[in-house]
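A short write-up of the structure that comes next.
The values are calculated or read from the model by the stated rules, or taken from the named source; none is laboratory data. Please read all numbers here as calculations on a predicted model, not as lab measurements. All Cβ positions, even for glycine, are placed from backbone atoms using ideal geometry, and neighbour counts span all protein chains on display. The accessibility values were calculated without ligands, DNA or RNA, using every heavy atom of the protein model including side chains. Shrake-Rupley method; radii C 1.70, N 1.55, O 1.52, S 1.80 Å.
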Amino acid sequence: MNFEKGKDVFHNNCLPCHKGGRNFILPEKNLKKETLEANGMNTVNAISYQVRNGKNGMPAFGGRLSENEVEDVAFYVLQEANSTFLKKEESFP
């Protein structure tokens, strides 16, 4: 899994709804560590499943992203949730 590639995938696909680890569609379902843990989304496998298949307001990206991209973005989200999401503003590269 590659953090930098995951960051690129995140910026190119996820920022409209998840800038800074937020969730602009369902605010209570943000990418903050505590929220991910409470919703059972605190592993790369769980996040990858969500990215591939979507749920509620989130579209499925399985048909748009390769398996490596899915795993990379899941890894990136998990790392950022454990360090900087909601502590800084994500910005476009």
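When we screen Phe85, Phe3, Phe24, Phe75 for residues that are in contact with a Pro (Cβ under 9 Å, 6 or more places away or on another chain) and aromatic (Phe, Trp, Tyr), the only hit is Phe24. If you go through the stretch 24-47 and keep only what is under 10 Å from the mean Cα position of the chain (by Cα) and of a type in the set (S, T, N, Q), you end up with just Asn30. Filtered by the rule that a residue be surrounded by 15 or more Cβ atoms within 10 Å (Cβ to Cβ) and over 10 Å from the mean Cα position of the chain (by Cα), the stretch 48-61 gives Tyr49, Arg52, Met58, Phe61.
Considering Glu34, Glu71, which residue is touching a Ser or Thr at 6+ places or on another chain (Cβ under 7 Å) and open to solvent by 50 Å² or more (accessible area, probe 1.4 Å)?
On the way: Glu34 fails: touching a Ser or Thr at 6+ places or on another chain (Cβ under 7 Å).
Answer to the selection: Glu71.
Selection of the stretch 42-77 for residues being modelled with pLDDT under 95 and aliphatic (A, V, I, L, M) yields only Met58. Would it be correct to say that Ser83 is hydroxyl-bearing (Ser, Thr, Tyr), at pLDDT 95 or above and open to solvent by less than 70 Å² (accessible area, probe 1.4 Å)? Against the criterion (hydroxyl-bearing (Ser, Thr, Tyr), at pLDDT 95 or above and open to solvent by less than 70 Å² (accessible area, probe 1.4 Å)), Ser83 does not qualify. Every test in (1) over 10 Å from the mean Cα position of the chain (by Cα); (2) open to solvent by less than 80 Å² (accessible area, probe 1.4 Å); (3) in contact (Cβ under 8 Å) with a residue 60 or more places away in the chain is passed by Leu65 save one, and that test is (3).
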